[in-house]
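Here is the structure we will look at.
The values are calculated or read from the model by the stated rules, or taken from the named source; none is laboratory data. Note that the structure is predicted; figures quoted are calculated from it, not measured. A quick note on method: Cβ atoms are made from the backbone with ideal geometry, for glycine too, and the neighbour counts reach across all protein chains shown. Note: accessible area is taken over every heavy atom of the protein model, side chains too, but ligands, DNA and RNA are not part of it. Shrake-Rupley method; radii C 1.70, N 1.55, O 1.52, S 1.80 Å.
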Amino acid sequence: MDYIQFLSKYGYSQELVNIAKGLVDVPSYTVQAPSDLSFGFPPVLIPLWSNASWPGYIGITKNWFGNRQDTFVQFYADEFSFVEIARNFDQLKAWMVFDFLCNVPNPDEVGRFAESIGFCDADEVESIFADCEDVSDLAALNVFEDDLPPIIEKGDEFGVPEWLMKTSGVNEIKRLISTEQYEDAWCQLNSAVISKPDVVDILELLSHHVPEKDAFKDLITCWLASNL
């Protein structure tokens, strides 16, 4: 089981599977897929692209307890920090095209990416973003009309996901599990650097309480294979 197989098995769209497989045409010297999984990341993250220059990932965060939706984030491995960039796949498309438009010198490559990911025709990119000078301006696009991700609503410095929590340590996470506060335990587990043996121990404890037991076990398999 790897992350591409996980996405296929558990009902994620073929578009997301194609991204993870590297079938979406991205500009040169930006992100890559399949991802280089050697940078390290917490179990909450399902990588779609990696970026060696940060280093880190753009991917999906899946919260297994409670009712929080999947969201899309940038994860910076060296700083162990998250920035939430999209609340759904259409927002992710818009975010990525705008980011490349701002940072990639070759507009033809940006256009090819926009078409490859199914956002718009290549010659429509500049007109769509004509009034967008920084990330806050993306709020004017229809795709962001109803549910703004934190980076657009609050700005880059405050773009952390809502689920991110201050972590009080392994013993506190285990206490949360013992008192059936599984969502808080999951969030704390993924909010700070914790040693791999402790993460494995906590994942095992949580696996007995997660509603989607088979999927969770497959996720653990993927994470263990990627975080050697």
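With the convex hull built on the Cα atoms of the chain, state its orientation-averaged projected area in nm².
Details: hull surface 47.9 nm².
Its Cα hull, projected and averaged over all orientations, spans 12.0 nm².
What distance in nm separates the simple spin-label points at E124 and K154, each placed 7 Å from Cα in the Cβ direction?
3.3 nm
Give the accessible surface of segment 1-128 per residue, rounded to a whole number of Å², with probe radius 1.4 Å and ligands, DNA and RNA excluded.
Values: 5400 Å² over 128 residues.
Ligands and nucleic acids excluded, the figure is 42 Å² per residue.
Find, among the GluC sites (Glu not before Pro) in segment 168-228, those assigned to loop by DSSP (not H, G, I, E, B) with at most 16 other beta-carbon atoms within 10 angstrom. Present the calculation step by step, with values, prior to reporting the outcome.
Working: sites: E172, E180, E183, E204, E212; in loops: E180, E212.
Answer by residue number: E180, E212.
Testing the spin-label approximation: label points 7 Å from Cα along Cα→Cβ at N67 and Y29. State their distance in nm.
Taking the simple label geometry, N67 and Y29 are separated by 4.8 nm.
Taking 0.36 nm per residue of sequence separation and subtracting the Cα-Cα distance, how much length would be gained by fully extending the chain between E133 and K217, in nm to one decimal? Walk me through the numbers before you get to the answer.
Details: separation 84, 0.36 × 84 = 30.24 nm, distance 4.34 nm.
Full extension of this stretch gives 25.9 nm more.
At 7 Å along Cα-to-Cβ for each site, give me the label-to-label distance between D36 and S53 in nm.
About 1.3 nm, to one decimal.
Straight distance only, please: which lysines reach the Cα of K9 with their own Cα at less than 22 Å, same-chain residues fewer than 8 apart left out?
K21, K62, K213, K217
On full extension of the chain, what length is gained from N227 through N142, given 0.36 nm per residue of separation minus the C-alpha to C-alpha distance? Don't jump to the answer; show the numbers that get you there.
Details: separation 85, 0.36 × 85 = 30.60 nm, distance 3.82 nm.
Gain on extension, N227 to N142, equals 26.8 nm.
When the accessible area of segment 49-149 is computed with all protein chains present and a 1.4 Å probe, what percentage of it is carbon and sulfur? Spell out each step's value before the answer.
Numbers: 1810 of 4530 Å².
The value for segment 49-149 is 40 percent carbon and sulfur by accessible area.
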